[in-house]
Amino acid sequence: TLLGVLHVAHAAARGEEDLDETHVDSMGLVAKLLGKIPEKIRTEEAAAEERYLRGELLKATEMQEELLQPITPDMWEGYTMSGEWLSGTLQGGGDGYFLHELPEGKKFFAHFDVSGHGAKCIPIQVAMMAVLHERARAGELDPDLKVLTESFNASLQELIPNSYMFATAILGYI
């Protein structure tokens, strides 16, 4: 890659004195400074890209936090519950849970973990949460867990085709 050209015309060709050591040193300094400009631009671009990605990661982590319901000890009568979103970093991940009380009084729960660590797990975790929220809203949490698991998996495969990642999940009713 050619970064630039520093053209120096020989002074004698213009009828002037030859270049002395000071001129040569000055041109060397100019060339060195000009050579650092592309590196500085790349460094600034990398810093801007990192700021952008950190912002996007923060938004994704906030989205995850919003999808997780708060758990209170007495939220389901007859059961003592405890749970909290523990975010030790600004980076989300692939663990999640979902709780839903059905109209007839049964309680549905799901806990899942996406393979891998960190940001690459967020899209799958959010897709899992979205499918469960939508199924619950539509009253489509099938009472047959085998049927529910198979349809849940099919929905995820449609949302995230060709993924090399996987998730483990526990679904149940109490």
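Contact order, relative form, for the range 96-174: 44 percent (alpha carbon pairs under 8 Å, 6 or more residues apart, mean separation divided by residue count). Split the accessible area of the range 36-174 by element, probe 1.4 Å, and carbon with sulfur accounts for 56%. In a reduced charge model with +1 at each Lys and Arg Cβ and -1 at each Asp and Glu Cβ, the range 64-174 shows a dipole moment near 240 debye about its Cα centre. Take the Cα of Ser82, step 7 Å toward its Cβ, do the same at Asn162, and the gap between the two points is 4.6 nm. Placing a pseudo-label 7 Å from each Cα along the Cα-to-Cβ vector at Arg51 and His117 gives an inter-label distance of 2.9 nm.
The values are calculated or read from the model by the stated rules, or taken from the named source; none is laboratory data. Here the structure is a predicted model, which means the values were calculated and not measured. No Cβ is skipped: glycine too gets one built from the backbone with ideal geometry, and neighbour counts run over all protein chains shown. Areas reflect the complete protein model, heavy atoms only, side chains present, ligands, DNA and RNA absent. Shrake-Rupley method; radii C 1.70, N 1.55, O 1.52, S 1.80 Å.
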